[in-house]
């Protein structure tokens, strides 16, 4: 067991260092990512870890895609696209919490919650980063009034499509962990998609008023997306 943990620690350390060297994370962010990755691997095994890793890779690529264009619009990720520990925990802490409950309960419903939380983070990143580039006529989610790209709570048809695709990308990682395949895929995808829209709603209300910031908004959205995924799985699978 100690040998396995040592190997896992080495793997996440290398990935954390790689993220730092590539400019995806700063020093504190790379340490937080390594610790979170180790927790995810030890609690849930390889599949949730691969789902989280895919989210990180996709997020980096989406953030860097036409970054200068987004910067000119004033809608680029702050810090020149380099994220720190707050962003890491905002996007990954909810999944780690659900994994902890799953490890204690051994219930598939918490696998659904875990992957739906990751799907929320992935869908939100794609919707945000690519929606700013491809989104036409964004509108506030609260009143559907026209909004500038990058405005908190702004949504577009193109952004919604990216949100759905981002959530769907995470669903296959959950399949090996359950015999309720169809309910799991639906729960993860739909929970993640709804979580993305809750992120927009929180951004247009609580974050706009200064009650939350970007990181706490991401955490709340992934937490709620995970809970919705769990509820959907329970209703569809009956377990």
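The values are calculated or read from the model by the stated rules, or taken from the named source; none is laboratory data. No experiment lies behind these values; they were computed from the predicted model shown. Virtual Cβ from ideal backbone geometry, glycine too; neighbours counted across all protein chains shown.
Pick out the one residue from 17, 2 that is without any contact (Cβ under 8 Å) to a residue 24 or more places away in the chain, farther than 14 Å from residue 88 by Cβ and touching a helix residue (DSSP H, G or I) at 6+ places or on another chain (Cβ under 9 Å).
17
Would you be able to tell me the number of residues in segment 36-61 that are assigned to a helix (DSSP H, G or I) and either surrounded by fewer than 21 Cβ atoms within 10 Å (Cβ to Cβ) or modelled with pLDDT under 75 (or both)? Talk me through it step by step, then tell me what you get.
Step one: list which residues in segment 36-61 are assigned to a helix (DSSP H, G or I), which gives 36-44, 46-61.
If we keep only those that are either surrounded by fewer than 21 Cβ atoms within 10 Å (Cβ to Cβ) or modelled with pLDDT under 75 (or both) as well, we get 38-39, 42-43, 46-47, 50, 53-54, 57-58, 60-61.
Selection size over segment 36-61: 13.
Is at least one residue of segment 39-52 under 24 Å from residue 188 (Cβ atoms) and touching a strand residue (DSSP E or B) at 6+ places or on another chain (Cβ under 9 Å)?
no
Let's see how each residue does on (1) touching a helix residue (DSSP H, G or I) at 6+ places or on another chain (Cβ under 6 Å); (2) under 18 Å from residue 123 (Cβ atoms):
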{"residue": "178", "(1), (2)": "yes, no"}
{"residue": "182", "(1), (2)": "no, no"}
{"residue": "193", "(1), (2)": "yes, yes"}
{"residue": "223", "(1), (2)": "yes, yes"}
{"residue": "235", "(1), (2)": "no, no"}
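Applying the selection to segment 149-169, what residues are closer than 16 Å to residue 201 by Cα and either touching a residue at least 60 places away in the same chain (Cβ under 8 Å) or assigned to a loop (DSSP other than H, G, I, E, B) (or both)?
Scanning segment 149-169 gives 149, 150, 151, 152, 153, 156.
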